[in-house]
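Data first, discussion second: the structure below is written as structure tokens.
The values are calculated or read from the model by the stated rules, or taken from the named source; none is laboratory data. A quick note: this is a predicted structure, and the numbers were derived from the prediction, not measured. Cβ atoms come from the backbone with ideal geometry, glycine included; neighbour counts cover every protein chain shown. Remember, those area values only see protein heavy atoms, side chains included, never the ligands or the DNA or RNA. Shrake-Rupley method; radii C 1.70, N 1.55, O 1.52, S 1.80 Å.
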Amino acid sequence: MALDKAEAQKVIVDQLEKKGKSKSKFYLKDFYAFFPDEKPRTVKNIVNELVGDGILEYWSSGSTTMIGLKGAGKQAGAEGED
Amino acid sequence: MAKHKTPLLDQLESGPWPSFVSDIKQEAAARAKNVKGLDYQIPADVCEDLLGILELSYKDGTTHWKHGGIVGVFGYGGGIIGRYCDKPLDFPGVAAFHTVRVAQPGGKYYTSAYLRQLMDIWDLRGSGLTNMHGSTGDIILLGTTTPQLEEIFYQLTHEMNQDLGGSGSNLRTPADCIGSSRCEYSCIDTQELCYYLTMRYQDELHRPAFPYKFKFKFDGCPNGCVCSIARSDLSFIGTWKDAIQINQAEVKAYVDGQSPAGGGSHSSRDWGKFDIQKEVIDLCPTKCMAYVNGELKIYDKECTRCMHCINVMPKALKPGKEKGVSILCGAKAPIVDGAQMGTLIRPFIAVDQTMDKQLSDFDSEDEWVEYLDEKYADITEFVELVWDYWMEEGKNRERLGELMIREGLQKFLEKTETDPMAVHVQHPRTNPYIFWKEDEVDGGWERDIEEYRKAHAR
Ligand code: HEM
Ligand code: SF4
Ligand code: SF4
């Protein structure tokens with residue numbers, strides 16, 4: 001069965017908020033772990049859609065991309081981008 | 001007068017090589033003059049401050065750039081790399097100095113009008129500094145501010161019909177050689193294949209999909225002008241399966257000195273009379289050639305398609321007629337496990353030479369792409385098997401080549417549905433064990449315990 005986007009969003013936001021105390025940026029692979037029964041590709045597509053929706057945001061070192069809740073962590077404030 | 005004193009950088013200009021310091025100074029001076037009267041959208045002294053902060057880094061022995069950022073253009077998770085300096089008050093011109101990666105045209109065919117248009121955008125909205133090209137092959141625009149990003153993106157896409165390239169954990173901007181557009185050696189239409197895969201994998205190119213970066217490169221023949229074998233996770237090299245085509249009369253013309261060897265290259269010096277034995281036969285790496293009684297013979301079964309004989313006598317020899325690609329996997333630069341060249345996994349995937357229709361033969365680009373879907377189906381199937389495996393098993397920041405080492409070639413062949421063959425063997429085995437899988441053994445592992453107990457007491 002295809003992964004429901006609204007349900008997936010809830011799982012992702014819950015998980016990131018729970019872990020948010022210690023970490024604000026996550027690897028794509030961390031999101032796969034929230035949905036052990038889903039194909040990585042399916043999860044990846046939902047994560048990217050949630051970025052488009054403004055729920056999540058990318059952070060890039062230039063070589064690696066990380067993903068977190070939009071506005072979480074000190075990055076946004078420090079860069080004057082919020 | 002320069003804004004900052006830069007004695008350490010000035011010293012770099014004294015060597016025999018062209019200097020990036022001189023280049024940046026030149027751009028700084030041009031911006032200060034502003035002969036075109038541009039309404040600069042980022043600080044006019046950006047290049048001055050770039051020199052200033054670099055000088056300071058040399059003095060302090062440490063970088064003054066922070067790592068990474070959240071900036072990008074809407075809908076894209078790549079193509080823009082956020083850069084901020086940690087001394088914004090002293091060097092306000094480079095407080096934000098983001099990089100923009102722009103997809104280069106296939107085969108790097110430019111018109112001067114195109115380059116002018118690109119620079120008109122970049123002089124106005126960026127530092128004016130570029131890197132043509134990055135190691136990936138794309139156009140690198142160095143240094144702009146956040147508010148300019150969407151503006152640049154809009155102009156690139158709407159006025160120049162040009163897209164951003166890849167960065168981060170995305171498919172990186174694919175790159176190809178000029179291929180059959182100009183090169184007689186090409187065994188595949190590199191530009192068609194490169195464009196097609198770029199379009200098919202737009203999502204992977206623009207949004208992070210992988211544990212780390214992933215690169216495609218396309219060489220039309222084993223001469224490897226884009227060096228895909230060393231520069232890409234998946235290297236596509238045009239090749240042939242049947243015999244090298246020989247024109248014996250033309251071979252003779254080389255032997256008699258009528259045709260210049262190597263197409264007349266290196267002719268600034270007199271190398272003496274062409275000696276086919278010394279310059280071709282003896283240099284064939286697999287020793288599969290002979291020149292006997294005025295006739296060139298090739299034992300094609302042993303030929304590794306190194307291109308040497310063809311390069312030396314292009315009028316006499318041509319690649320065979322049955323053409324396709326070899327695919328090599330896992331090349332990468334150092335960091336973990338050292339640098340690595342690609343490993344040959346699929347020696348030959350045929351590309352149907354009769355499928356030679358062009359975009360202009362179709363009513364729409366969609367129909368053309370459908371045609372290409374069919375033409376390159378064996379290639380995309382392989383690409384997607386590789387990705388499925390790497391997405392599933394690759395660790396964070398683990399390149400494909402590192403995963404291949406960690407889990408072994410055997411696993412890679414299995415996951416990519418590739419039958420093991422002699423070309424996969426590099427040297428005799430060093431591991432004495434053979435691990436059988438259940439389906440390889442008659443009767444399998446299962447046993448009937450009741451049956452067993454009849455003969456063996458507990
Ligand atoms: C004039 C200055 C610069 C030049 C000529 C330059 C050139 C390049 C080139 C050619 C690449 C390779 C791109 C590719 O693989 O296609 C690159 C990558 C990179 N540059 Fe620069 N760069 C400059 C300034 C900077 C600055 C100021 C920073 C950091 C603040 C930086 C950080 C990086 C990073 C992290 C990468 C690697 C990205 C990746 O792994 O893909 N560069 N640069
Ligand atoms: S790689 Fe081969 S086909 Fe491509 S430009 Fe070089 S020689 Fe020509
Ligand atoms: S292509 Fe290379 S290996 Fe093949 S016959 Fe010519 S020189 Fe020998």
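Some points to look at:
- Filtered residues of region B:437-458 (kept if at positive phi and at pLDDT 90 or above): none
- Count of residues meeting criterion [open to solvent by 60 Å² or more (accessible area, probe 1.4 Å), under 20 Å from the mean Cα position of the chain (by Cα) and at negative phi] in region B:86-109: 1
- Counting only residues that are open to solvent by less than 10 Å² (accessible area, probe 1.4 Å) and either outside the structural domain of B:Leu149 (by TED's automatic domain parsing) or charged (D, E, K, R) (or both), region B:62-85 holds 0 of them.
- Taking each residue of region B:215-233 that is in contact (Cβ under 8 Å) with a residue 60 or more places away in the chain and looking for partners that are in a helix (DSSP H, G or I) and within 13 Å of ligand 1 (Cβ to nearest atom) with beta-carbon atoms closer than 9 Å, six or more apart or interchain, yields B:Lys215/B:Arg231; B:Lys217/B:Arg231.
- Members of region B:58-81 that are of a type in the set (Gly, Ala, Ser) and either in contact with a helix residue (DSSP H, G or I) (Cβ under 8 Å, 6 or more places away or on another chain) or facing chain A (nearest Cβ under 7 Å) (or both): B:Gly68, B:Gly69, B:Gly72, B:Gly75, B:Gly77, B:Gly78, B:Gly79
- Residue tally, condition surrounded by 12 or more Cβ atoms within 10 Å (Cβ to Cβ) and either assigned by TED's automatic domain parsing to the domain that holds B:Gly220 or within 16 Å of ligand 2 (Cβ to nearest atom) (or both), over region B:255-302: 2
- Test: residue in region B:240-254 that is open to solvent by less than 10 Å² (accessible area, probe 1.4 Å) and under 20 Å from B:Ala377 (Cα atoms): yes
- For B:Ser235, the test of being crowded, with 22+ Cβ neighbours inside 10 Å and within 16 Å of ligand 3 (Cβ to nearest atom) is failed.
- Flag if B:Ile244 is farther than 26 Å from B:Glu398 by Cβ and among the aliphatic types (A, V, I, L, M): yes
- Some residue of region B:245-252 being in a loop (DSSP other than H, G, I, E, B), within 25 Å of B:Ile188 (Cα to Cα), out of contact with any Cys (no Cβ under 7 Å at 6 or more places or on another chain) and away from chain A (no Cβ under 14 Å): yes
- Residues that are within 14 Å of chain A (Cβ to nearest Cβ) and either within 16 Å of ligand 2 (Cβ to nearest atom) or assigned to a strand (DSSP E or B) (or both), drawn from region B:154-210: B:Leu164, B:Leu171
- When region B:200-231 is limited to residues that are open to solvent by 20 Å² or more (accessible area, probe 1.4 Å) and in contact with a helix residue (DSSP H, G or I) (Cβ under 8 Å, 6 or more places away or on another chain), the one that is farthest from B:Ile327 (Cα to Cα) turns out to be B:Arg207.
- Among the residues of region B:96-140, those identified as assigned to a loop (DSSP other than H, G, I, E, B) and under 19 Å from B:Cys47 (Cα atoms) are B:Phe97, B:His98, B:Gly126, B:Ser127, B:Gly128.
- Test: B:Asp366 is assigned to a helix (DSSP H, G or I), over 18 Å from B:Asp233 (Cβ atoms), under 21 Å from the mean Cα position of the chain (by Cα) and assigned by TED's automatic domain parsing to the domain that holds B:Phe236: no
- Matching entry among B:Ile188, B:Ile244 (being within 13 Å of ligand 3 (Cβ to nearest atom) and of a type in the set (Val, Ile, Thr)): B:Ile244
- When each of B:Phe348, B:Phe274 is tested for being farther than 29 Å from B:Glu417 by Cα and touching a Gly at 6+ places or on another chain (Cβ under 7 Å), the lone residue that passes is B:Phe274.
- Matching residues in region B:325-348 - criterion: being crowded, with 17+ Cβ neighbours inside 10 Å and more than 16 Å from ligand 3 (Cβ to nearest atom): B:Val325, B:Ile327, B:Leu328, B:Cys329, B:Gly330, B:Ala331, B:Lys332, B:Gln340, B:Gly342, B:Thr343, B:Ile345, B:Arg346
- Failed item in (1) at pLDDT below 95; (2) open to solvent by 30 Å² or more (accessible area, probe 1.4 Å), with B:Glu381 passing the rest: (1)
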